[in-house]
Amino acid sequence: MRAFLDGLYRLAGGLAAACLVTIAVLVVAQVAGRLIDGGRKIFGLEPLGLLVPSLAEIAGFLLVGASFLALASTLRMGDHIRVSILLQHVPAAVARVLEVWCLAVAFALVAYFGWHAGWLAYDSYVYDEVSFGIIPIPLFIPQIVMSVGIVVFALSLADDLLVALTGRAPSYAMADREDAIEGVE
């Protein structure tokens, strides 16, 4: 089970990275098209009208996908911003209780959000909702990606909650922080 969950978190992180790479490729294609059209204009030729239709919308959808798909893997790597000042100044037993409480509340909120995001995607599918751009993109597609990211994040929170309930340190506390920048021990 551990290998499956770790693989799922890595897969979601990889898909998030793929979304960012796709954004970069599309933007480079758009810029290249504009440069080619500009060059043709300079030489007195008619521009070809090279562009990526609905680039802003597509990039926005991919950015949402990247943001939500990356949540679980960044939690596991300890890259979420945590305010742990209180935990550092209370006894270890109290800090463990607070850690479990925070994980439980986070899990409940994320699971609730995931449930409703899933229903939102379902409604968009049922009512055939599409984006308003040049290319009418069915809205359930980016909403499903968002929902999957939220569900995987909820799983990672539940995973860390179960670990914390057994008295062990959650994944983010055990993460290798050699790449950390200022203020992190």
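Each value in this text was obtained by applying a stated rule to the coordinates, not by laboratory testing. Since this is a predicted model, take the numbers as computed values, not measurements. So basically every Cβ, Gly included, is an ideal-geometry build from the backbone, and we count neighbours across all protein chains shown.
So how tilted is helix 92-126 from the main axis of the chain? Cα-based, degrees 0 to 90, rounded to 10.
Between helix and principal axis, roughly 30 degrees.
For the range 2-174, compute the orientation-averaged projected area of the C-alpha convex hull (one quarter of its surface), in nm².
Spelled out: convex hull of the Cα atoms, projected over all directions, averaged, 13.2 nm².
Grab the DSSP H runs of the chain that are 4 residues or longer, score each as -39,500 (n - 2.57), total them, divide by all residues and round the 222 nm result to the nearest 500 deg cm²/dmol.
-24000 deg cm²/dmol
Place +1 on the Cβ of every Lys and Arg and -1 on the Cβ of every Asp and Glu in the range 2-174, take the dipole about the Cα centre, and give the residue among Ile137, Leu103, Leu87 whose Cα lies farthest towards its positive end.
Leu87
Can you tell me the order of 116-126, 40-50 when each peptide is scored by its average per-residue count of other Cβ atoms within 10 angstrom, highest first? Before the final figure, lay out each step's value.
Details: 116-126: 15.2, 40-50: 9.7.
The densest-packed peptide leads the list: 116-126, 40-50.
Using the count of nearby Cβ atoms within 10 Å as a rough guide to exposure, how do Phe132, Phe107 rank from fewest to most?
Least crowded to most crowded, the residues run Phe132, Phe107.
Does anyone have the angle between helix 55-69 and the longest principal axis of the chain? Alpha-carbon axes, 0 to 90°, nearest 10?
20
With an 8 Å Cα cut-off and a minimum separation of 6 or more residues, compute the relative contact order for the range 56-185 in percent.
39
When a/c is below 1.5 the answer is rounded, else prolate if a/b is larger than b/c, else oblate, so apply that to the range 1-76 with a ≥ b ≥ c taken from the square roots of the Cα gyration tensor eigenvalues.
Prolate shape, in that a/c is at least 1.5 and a/b is the bigger ratio.
Which peptide among 62-70, 135-143, 97-105, 152-160 comes first, and what is the full order, when sorted by highest mean count of other Cβ atoms within 10 Å?
152-160, 62-70, 135-143, 97-105
How tilted is helix 140-165 with respect to the longest principal axis of the chain? Cα atoms for both, answer in degrees (0 to 90, nearest 10).
Rounded to the nearest ten degrees, it is 20.
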